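Participant: Below you will find the structure I want to go over with you.
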Amino acid sequence: MSSLSPAAPPRLSRPSWLASPRVLRTEVLAGLVVALALIPEAISFSILAGVDPRVGLFASFTMAVTIAFTGGRPAMISAATGAVALVVAPLVKTHGLDYLIAAVILGGLIQVLLAVLGVAKLMRFIPRSVMVGFVNALAILIFTAQVPHLLGVPWLVYPLVAVALAIMVFLPRITTAVPAPLVAIVLLTAFTILSHVSVPTVGDEGALPDSLPALGIPNVPFTLETVQTIAPYALGVALVGLMESLMTAKLVDDITDTHSDKTRESWGQGVANIVTGFFGGMGGCAMIGQTMINVKASGARTRLSTFLAGVFLLILVVALGDVVALIPMAALVAVMIIVSVSTFDWHSIAPATLKRMPAGELIVMVTTVAGTLSTHNLAVGVVLGVLAAMVIFARRVAHFASVEKNGNTYVVRGELFFASSNDLVYQFDYSGDPDHVIIDLSGTHVWDASSVAALDAITTKYAQRGKTVEITGLNEASARMHENLAGQLGAGH
């Protein structure tokens, strides 16, 4: 008599960073570099939002640590961002910090709701030309954000930036054991300290916190009036944050040749903003610049780098604030310049590409870039680019619909929708045609009510002359739409 032994429990695979010392080193060093790059950015965004630098720094810590567990795109960095700062700045000015925190929490809840409703699936409607425009505009914004740090500064800043750029360009050709940006930051900091030169430092950007963030509830009245006050800003935080995060996730997917869970990333961003709000942060979303440092410049691929970026950030600003304050801004400016250059899609503006690219694609890309640069808001640029792509696509497809006459039969080919069906009614000879006319739609598809209304108008015009129309060849979906709407749209008026 045989007995069956119980099946062994499935073995959980170890994270790649735990299985390989080399990967672990890469992830740890990448997190450190990103943390250093986050500090001046978080301070700047805090100033932009009109809040204390601590609010932005704490937001960057809580966003990075939370999204490392809840996000759907490994190695992507989320923290306080300029786009969110622009959205909430008016609220801070009129109602203060507590209303900002309440708006961030509500914005996070809206993001979770949008994730449940499947907003991530809308990413499929963003054309490649919009993505290219998004990337190029982002690269330009990253570069222009460094310009103020290069104006009205001591002359020594310029050779320091040049040295840092040289390190980051040439060191990877020799070794990739240590991230080149980290080497540049350490060497420039050591030089400025030992030589006692006076150049702008991280400490000049604002005071660093000396205590840990504390959990709390915003001090606002829990009334309908409060909700009405913060709702528009919360919606702005939710939409801008999701759009930038999903676009950045798609970009990282392309760079790493891997797929990410956009729905998980959507609700993960919401959870991260909720946590950030309860810890007194200003909210945020994915950061393309720091993500490129993490993924491209440092070679990180796992959630560990994202988590450590937040942990190192907190350690640096709280425990080692005096040391971090001595880092010359020249080093961080050089890092961001390299990021902007590597982010820009240079192939998209190459003469050979421009000669082959359809004019409509170029218009969409330029519209995305122009919209972003004029508003300093990537979400606005993307929306404008998508709208331009929709208009150009509609115009292009509208010309595909054609009508050919063969005796008493009209053969319609192409796609019938609002743009192509508007001119359909003028393609028939109502007075000269025989008493019975056939419209063959076997070569087309009826997409919307506008097309059904156009067919009704044609039928009505023939009926006014005592003639009948027979519509044939409708596929199943088109026939169903025509049956439901025909005669119900007032087309004869």
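The values are calculated or read from the model by the stated rules, or taken from the named source; none is laboratory data. Note that this is a predicted model, so its numbers are computed, not measured. Every residue, glycine among them, receives a Cβ derived from its backbone with ideal geometry; neighbour counts consider all protein chains shown. Ligands, DNA and RNA are stripped out before the accessible areas are found, and what is left, the full protein with its side chains, is counted by its heavy atoms. Shrake-Rupley method; radii C 1.70, N 1.55, O 1.52, S 1.80 Å.
Participant: Accessible area per residue of the stretch 224-370 at 1.4 Å probe, in Å²? Can you show the working numbers first?
Facilitator: Values: 5520 Å² over 147 residues.
Here the residues of the stretch 224-370 average 38 Å² of exposed surface.
Participant: So, one more: What do you get for Rg/Rh of the stretch 354-493 when both radii come from the Cα atoms and Rh is the Kirkwood radius?
Facilitator: Over the Cα atoms of the stretch 354-493, Rg/Rh equals 1.14.
Participant: Something else about it: Roughly what angle does helix 224-256 make with the longest principal axis of the chain, taking Cα atoms, 0 to 90 degrees, to the nearest 10?
Facilitator: It works out to around 90 degrees.
Participant: Still on this structure, I have one more. Match the structure shown to one of the listed values [x] -0.50, -0.92; [y] -0.49, -1.01; [z] -0.43, -1.04 of log10 I(q)/I(0) by the Debye sum over Cα atoms at q = 0.07, 0.11 Å⁻¹, computed from it, and give that label.
Facilitator: It is the value labelled [x].
Participant: Say each of Asn475 and His376 gets a label point 7 Å from the Cα, pointing the same way as Cα to Cβ; how far apart are those two points in nm?
Facilitator: Here the answer is 4.9 nm between the modelled labels.
Participant: Residues in the stretch 348-386, backbone N under 19 Å from the label point at Met123 (7 Å along the Cα-to-beta-carbon vector): list them, ranges by number please.
Facilitator: Answer for the stretch 348-386: 378-386.
Participant: Work out how much length Ala207 to Asn408 would gain on full extension: take 0.36 nm times their residue separation and subtract the Cα-Cα distance, in nm to one decimal.
Facilitator: Values: separation 201, 0.36 × 201 = 72.36 nm, distance 8.28 nm.
Answer, rounded to one decimal: 64.1 nm.
Participant: Identify all aspartates and glutamates with a Cα-Cα distance to Lys467 below 20 Å; exclude those on the same chain that are fewer than 8 residues away in sequence.
Facilitator: Glu404, Asp429, Asp433, Asp435, Asp440, Asp456
Participant: OK, next. Just to verify a number: FRET efficiency for Asn422 and Ala166, C-beta to C-beta distance, R0 = 56 Å, to 0.05?
Facilitator: Using R0 = 56 Å, I get an efficiency of 0.40.
Participant: At a Förster radius of 22 Å, what calculated FRET efficiency corresponds to the Cβ-Cβ distance of Ile47 and Leu326, to the nearest 0.05? Spell out each step's value before the answer.
Facilitator: Numbers: r = 20 Å, r/R0 = 0.92.
The value I calculate is 0.60.
Participant: Additional query: For Cα pairs less than 8 Å apart in space and 6+ apart in sequence, what is the mean separation divided by the residue count of the stretch 408-453, i.e. the relative contact order in percent?
Facilitator: Reported relative contact order: 64 percent.
Participant: Can you tell me how much longer the chain between Ala319 and Ile363 gets when fully stretched, taken as 0.36 nm per residue apart minus their C-alpha distance, in nm with one decimal? Each step should come with its number before you reach the end.
Facilitator: Values: separation 44, 0.36 × 44 = 15.84 nm, distance 5.00 nm.
10.8 nm is the gain from fully extending Ala319 to Ile363.
Participant: Assuming R0 = 35 Å, what is the FRET efficiency of Asp253 and Ile174, from their Cβ-Cβ distance, to the nearest 0.05?
Facilitator: Numbers: r = 30 Å, r/R0 = 0.86.
For R0 = 35 Å, the calculated efficiency reads 0.70.
Participant: With +1 on each Lys and Arg Cβ and -1 on each Asp and Glu Cβ, how big is the dipole of the stretch 99-247 about its Cα centre, in debye rounded to the nearest 20?
Facilitator: 640 debye
Participant: Mind putting a number on the dipole of the chain about its Cα centre? Charges go on the C-beta only, +1 for Lys and Arg and -1 for Asp and Glu, and I need it in Debye to the nearest 20. Before the final figure, lay out each step's value.
Facilitator: Details: 27 positive and 29 negative charges, 218 e Å.
My answer is approximately 1040 debye.
Participant: I would also like to ask the following. Starting from the stretch 137-187, pick out the chymotrypsin sites (Phe, Trp or Tyr not before Pro) whose DSSP state is loop and whose Cβ has at most 14 other Cβ atoms within 10 Å.
Facilitator: Trp155
Participant: Related question: Compute the relative contact order of the chain as a whole-number percentage, counting only Cα pairs closer than 8 Å that sit 6 or more residues apart in sequence.
Facilitator: Details: 858 pairs, mean separation 122.2, N = 493.
Taking the mean separation of contacting Cα pairs over the length of the chain, I get 25 percent.
Participant: For the stretch 405-493, with all protein chains present and a 1.4 Å probe, just round the carbon and sulfur fraction of the accessible area to a whole percent.
Facilitator: Carbon and sulfur together cover 48 percent of it.
Participant: Carbon and sulfur: what percent of the stretch 79-161's accessible surface (1.4 Å probe)?
Facilitator: Carbon plus sulfur share of accessible area: 74 percent.
Participant: Go through the stretch 327-333 residue by residue and turn each phi into a ³J(HN,Hα) via Karplus (6.51, -1.76, 1.60, θ = phi - 60°); whole Hz please, and just put x for glycine and proline.
Facilitator: Per-residue couplings from phi come out as 5, x, 4, 4, 5, 6, 4 Hz.
Participant: Using a probe radius of 1.4 Å on heavy atoms only, what accessible surface per residue do you get for the stretch 401-479? Whole Å² is fine.
Facilitator: Accessible area per residue, the stretch 401-479: 48 Å².
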